[in-house]
Amino acid sequence: MNKKTYERISNPIKNHPYGERIINTTNKLTTTFVYLTYPFFLLKLAIERDFRFWKILIIPMISFILVSIFRSYKNAPRPYEILDIEQIINKSTKGNSFPSRHVFSILVIGMTLFYISIPVGIFLMIIGAVVSVVRVVGGVHFPKDVAAGAVIGILSGIIGWNLFF
């Protein structure tokens, strides 16, 4: 993605009276929803003494740590750092763009919860797709960042569920 491509996809949103508010609100609400849903299921499984609690806890946790270490090592710049753009999502972090940890987290949680509740898992996958678009349009990630986050999140959920315990 270059500056011209970013401006082509973001200008209609920036020019809409509520465009930037919609992007920022969607970004906050979707991630907040997932980050509230996850502990709800952890608590539910813990109260029920369901052995799947450990899978739901450990798979995202280990995956998150590994992705964070890789991201820190890779330290890829964000679009607003190298394209000289004014991003829609207000963020000042430097680097650590690849892979998108928001998208990764939502999808690894979605995949692990998919094994508990198929409708919840599918809904979280849809939210992951929405967040992928919002993070790119918002100017805080390149398409490759969200694509890598999605693939790693999905694979972590599948591999973790099938290998763990």
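The values are calculated or read from the model by the stated rules, or taken from the named source; none is laboratory data. None of the values given here were measured: they were computed from a predicted structure. Don't worry about glycine lacking a Cβ; one is built from the backbone with ideal geometry, like all the others, and counts go over all protein chains shown. Remember, those area values only see protein heavy atoms, side chains included, never the ligands or the DNA or RNA. Shrake-Rupley method; radii C 1.70, N 1.55, O 1.52, S 1.80 Å.
Ranked by accessible surface with a 1.4 Å probe, highest first, in what order do Met111, Met1, Met125, Met61 come? Kindly include the intermediate steps, with their values, before the conclusion.
Numbers: Met111 25, Met1 70, Met125 50, Met61 95 Å².
Sorted by accessible area, descending: Met61, Met1, Met125, Met111.
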Task: the chain, helix-only ellipticity at 222 nm - DSSP H runs n ≥ 4, -39,500 (n - 2.57), divided by all residues, nearest 500 - done: -25500 deg cm²/dmol
TODO: Over the alpha-carbon set of the stretch 45-87, work out the extent along each principal axis and list the three values in angstrom, largest first.
DONE: 52, 23, 8
Task: 1.4 Å probe accessible area per residue over the stretch 1-62, in Å² - done: 69 Å²
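Where Rh is the Kirkwood radius over the Cα pairs of the chain, the temperature 10 °C and the viscosity 1.306 mPa s, what D in µm²/s does Stokes-Einstein return? Spell out each step's value before the answer.
On the way: Rh = 16.4 Å.
Value of D from the Cα-based Kirkwood radius: 97 µm²/s.
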Task: P(r) weight above 18 Å for the stretch 21-96, C-alpha pairs, percent - done: 62 percent
Open item on the list: Suppose all protein chains stay in the model; what accessible area per residue would a 1.4 Å probe give for the stretch 85-165, in Å²?
Closed with: 41 Å²
Open item on the list: Quick check on my link table: of Lys3/Lys144; Lys28/Lys74; Lys74/Lys94; Lys28/Lys91, which ones sit more than 18 Å apart, alpha carbon to alpha carbon?
Closed with: Lys28/Lys74
Open item on the list: Take the chain, mark every one of the trypsin sites (Lys or Arg not before Pro) that falls in a DSSP loop and has at most 12 other Cβ within 10 Å, then report the longest stretch left between them, sites excluded.
Closed with: 95-165
Task: Rounded percent of accessible protein surface that carbon and sulfur make up, the chain, 1.4 Å probe - done: 67 percent
Open item on the list: Could you compute the net charge surrounding Ile56? Neighbours are other residues with a C-beta less than 13 Å from the C-beta of Ile56; K and R count +1, D and E count -1.
Closed with: +1
